[in-house]
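A.B. asks: Would you mind keeping the following structure in view while I ask a few things?
Bear in mind that the values in this text are calculations on the coordinates, not laboratory data. A quick note: this is a predicted structure, and the numbers were derived from the prediction, not measured. Virtual Cβ from ideal backbone geometry, glycine too; neighbours counted across all protein chains shown.
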Amino acid sequence: MKKIILAILMTFGIFTMVSADIGVKLGLSAQIGSMEASGSEKNSDGVTATQKSNVREALFGTGGFFIEKDFAFLPGRVGDLGSRIHIGFDNIAHDLDLGTVNNFRNATTSPGEAAEAAANHSLNAKITGFETVYATINITDWLYVKAGSVTMDVDTVFKGTATSAYKKSHSLDGNVFGFGLSRTTDTGWFTRLEYNDYDIDGKSVANTGTDSKFTAVLHDVSGSTGRISIGKAF
């Protein structure tokens, strides 16, 4: 989906190159914020096999880049409205370590199977890709609102019971909503201050080890960020 949108952006850029104002914005951004998450592990009977971790809040900072295209190329009054609407792509340019969570798996027994000893477990998570496709609408010349779709690639490292193993790479999807203030100079340079609220869907991951009756559950991730951006309109 994102590749299609990027292709559309490039097409729009080529289509409008005959104009001195092609309606494309390029920029860099930095943001700080926090995310909250919790997890647990269950056996095949649906019984929680570990103590559910407390809701964990992680503070983080990121840097990235973005590209946007408006719809001012549309004819007539539709183009006038389209000049206030931008579709964009945003990418965090580095990995983001979310830290390590520890919990304790209780000893378990199942009919016909060997008993599983109690054990301490730890899981480290690192975001290796954080991409957003979004749209903004200018309410005024300086105030805008934003909504988009987020894709997050997460790599995990599990340590604990030797008979347990979990897939190391995962993709999570979610949504972002926000609003911001923007100021543009006569030469096309702009600055922004922005607030974003994230809601990322959780995921269940089956154990690929010999005790495959266990499933790890990441509950929904939520958080908010403050962001500052600078860029150039072309």
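A.B. asks: At R0 = 41 Å, how high is the FRET efficiency between Ile85 and Ser204 if r is their beta carbon distance? Nearest 0.05 is fine.
C.D. replies: 0.65
A.B. asks: Here is a follow-up. In whole Hz, what ³J(HN,Hα) sequence does segment 177-187 give by Karplus (6.51, -1.76, 1.60; θ = phi - 60°), x for Gly and Pro?
C.D. replies: Each residue of segment 177-187 in turn: 10, x, 8, x, 10, 9, 9, 10, 7, 5, 8 Hz.
A.B. asks: Grab the Cα-Cα distance for Asp220 and Arg77, subtract it from 0.36 nm times how many residues apart they are, and report the gain in nm with one decimal.
C.D. replies: Contour length minus Cα-Cα distance gives 47.3 nm.
A.B. asks: Here is a follow-up. Once you have the Cα-Cα distance between Lys126 and Ile228, take 0.36 nm times their residue separation minus that, and quote the gain in nm to one decimal.
C.D. replies: Stretched out fully, the Lys126 to Ile228 stretch lengthens by 34.4 nm.
A.B. asks: Further, regarding this structure: What length, rounded to one decimal in nm, is gained on full extension from Thr151 through to Ala135, with 0.36 nm per residue of separation minus their alpha-carbon distance? Intermediate results must be reported in sequence, preceding the final value.
C.D. replies: Working: separation 16, 0.36 × 16 = 5.76 nm, distance 1.52 nm.
Contour length minus the Cα-Cα distance gives 4.2 nm.
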